[in-house]
1. Among the residues of the stretch 164-176, is any part of a helix (DSSP H, G or I), farther than 26 Å from LEU36 by Cβ and free of Cβ contacts under 8 Å to residues at least 40 places away in the same chain?
2. Given the conditions (1) more than 30 Å from SER22 (Cα to Cα); (2) of a type outside the set (Ser, Thr, Tyr); (3) open to solvent by less than 60 Å² (accessible area, probe 1.4 Å), report the number of the one that LEU91 does not fulfil.
3. Name the pairs whose Cβ atoms lie under 8 Å apart, with the first residue in the stretch 23-47 and modelled with pLDDT of 85 or more, the second not in a helix (DSSP H, G or I), and 6 or more positions between them or separate chains?
4. More than 13 Å from the chain's Cα centre (by Cα) and over 30 Å from THR148 (Cα atoms) - does that describe any residue in the stretch 30-53?
5. If you take the residues of the stretch 48-62 that are of a type in the set (S, T, N, Q) and within 27 Å of ARG5 (Cβ to Cβ), which of them is modelled with the highest pLDDT?
6. Look through the stretch 1-22, keep the residues that are of a type in the set (D, E, K, R) and touching a residue at least 24 places away in the same chain (Cβ under 8 Å), and return whichever of them is nearest to THR137 (Cα to Cα).
7. Could you tell me whether any residue of the stretch 63-80 is within 18 Å of ALA154 (Cβ to Cβ), at pLDDT 95 or above and open to solvent by 60 Å² or more (accessible area, probe 1.4 Å)?
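The values are calculated or read from the model by the stated rules, or taken from the named source; none is laboratory data. Computed from a prediction, not measured in an experiment: that's the story for all the values here. We place every Cβ from the backbone using ideal geometry, glycine too, and count neighbours over all the protein chains shown. For accessibility, only protein heavy atoms count, side chains too; no ligands or nucleic acids. Shrake-Rupley method; radii C 1.70, N 1.55, O 1.52, S 1.80 Å.
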Amino acid sequence: MDEGRRYGLHRWLYGHFGTDGSALYVSVTVLLSVSLSGLVAYLFGRPVTMLSLALTAALLARWPMEESARPRNTVIGHSVALASGLLSLALFGLVGGPGVSGAGFSPAHVGAGVLSTVLTGLLMVVTRAWHPPAGATAGLVGLGLLGTPRDLLALAAGVVVVTVCGWLLNRALGVPVPFWTTER
């Protein structure tokens, strides 16, 4: 990340400590965001929801000004991934059945996992809401690792918590992160 893309506390830490300062900034902001998503996962009893949320937290901390890190893209990207995963499970006859952890890795699970990821990528481009960590969400849902209403609610709550936390942290630390705009 070049100097022109660091703001506030991140710029100050980098200016005084170089890469170590940048590493400290990213580590602390990821720690806070992932800890909150961990709390949500714990409260819902769904630890696997932390996988794609940790990737989102890292993106928000390291590249907060990128379009893919904006709250709009985060929320839409993960929402598209949830919907794509559920649709893929339905098309492969896996709704309500055990995921790969309970049923083994079947060709239907492979198909649903692949389709959910492809649909997610397609819909993120169409909606101009590119958010790469949503690909992990699509895979988790498409493989049936997150398929119950409680799982999906936990993930949706986690997305909101990580998105709001990342945005607020960056704004509080001097990063002028836009909220809901999109580039054309």
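1. Here is the first cut: in the stretch 164-176, the residues part of a helix (DSSP H, G or I) are 164-172.
Subsequent filtering for residues that are farther than 26 Å from LEU36 by Cβ retains none.
No, the stretch 164-176 contains no residue that is part of a helix (DSSP H, G or I), farther than 26 Å from LEU36 by Cβ and free of Cβ contacts under 8 Å to residues at least 40 places away in the same chain.
2. Checking LEU91 against (1) more than 30 Å from SER22 (Cα to Cα); (2) of a type outside the set (Ser, Thr, Tyr); (3) open to solvent by less than 60 Å² (accessible area, probe 1.4 Å), the one that fails is (3).
3. TYR25/LEU173; THR29/LEU173
4. no
5. First, pick out the residues of the stretch 48-62 that are of a type in the set (S, T, N, Q): 49, 52, 56.
From what's left, within 27 Å of ARG5 (Cβ to Cβ): 52, 56.
On the way: SER52: 80, THR56: 94.
Here the residue is THR56.
6. ARG5
7. Yes, because at least one residue in the stretch 63-80 is within 18 Å of ALA154 (Cβ to Cβ), at pLDDT 95 or above and open to solvent by 60 Å² or more (accessible area, probe 1.4 Å).
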